[in-house]
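For reference, the structure discussed in these notes is given below.
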Amino acid sequence: MNDCIFCKIVAGELPAKVIHETDRVVAFQDIDPQAPVHVLVVPRRHIPTLHDMADEDGDLVGEIFQVARRVADKEGISESGYRTVFNCGGDGGQDVYHLHLHLLGGRRMAWPPG
Ligand code: 5GP
Ligand code: ZN
């Protein structure tokens, strides 16, 4: 995916503040943070949306959440709490079509989301 900004970040072709990496997953700071902690956790492989994941990708979803937990520990928000969000498609509010989990914390989140 030549024109995907998150593929470029994963490849090191675009700068980003990387917080944590595994063989299959990269976590980096959001460029426009909506909370004191706002990290995106993405698979290295280009998958457009949550809905494009195959049945056998379940362990990859699990790894994305495990990395989010580690980042929450590193960022010091494990005790205070945090929110994880996959926006999916147009009505889900997705703007970048490379799967990413938002990890948000460091302030009280509102509910319901807008
Ligand atoms: P979405 O709306 O697709 O769920 O979230 C996309 C997120 O990617 C937004 O929070 C936006 O700020 C972030 N973002 C967009 N472009 C870049 C970029 O070039 N670098 C980083 N680090 N984050 C980006
Ligand atoms: Zn991509």
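Read-outs: derived from the displayed coordinates by stated rules, not from any lab. Nothing here was measured: the structure is a model prediction, and the numbers come from that model. Using ideal geometry, Cβ is built from the backbone for each residue, glycine included, and neighbour counts are taken over all protein chains shown.
Points to keep in mind about this one:
- Sequence-distant residues sharing a close amide H with ILE19 (under 5 Å, placed H): ALA27, PHE28, GLN29
- Restricting the trypsin sites (Lys or Arg not before Pro) of the stretch 1-47 to loop positions (DSSP other than H, G, I, E, B) with no more than 12 neighbouring Cβ atoms within 10 Å leaves LYS17.
- GluC sites (Glu not before Pro) lying in DSSP loop within the stretch 45-85, provided at most 13 other Cβ fall within 10 Å: GLU79
- Under Karplus coefficients 6.51, -1.76 and 1.60, residue-wise ³J(HN,Hα) of the stretch 48-56 in Hz, glycine/proline x: x, 9, 4, 6, 8, 6, 7, 4, 7
- Partnerless Cys - the chain, beta-carbon criterion under 4.7 Å: CYS88
- Max-minus-min Cα coordinates of the stretch 5-105 on each principal axis give 33, 28, 28 Å, with the largest extent listed first.
- Helix 58-75 axis, angle to the chain major axis (alpha carbon atoms, nearest 10°): 40 degrees
- For the stretch 12-18, Karplus couplings with θ = phi - 60° (6.51, -1.76, 1.60), whole Hz, Gly/Pro x: x, 8, 10, x, 7, 8, 7
- Phi-based couplings in Hz for the stretch 94-105 (Karplus 6.51, -1.76, 1.60; Gly and Pro marked x): 7, 10, 10, 8, 9, 2, 8, 9, 7, 10, 10, x
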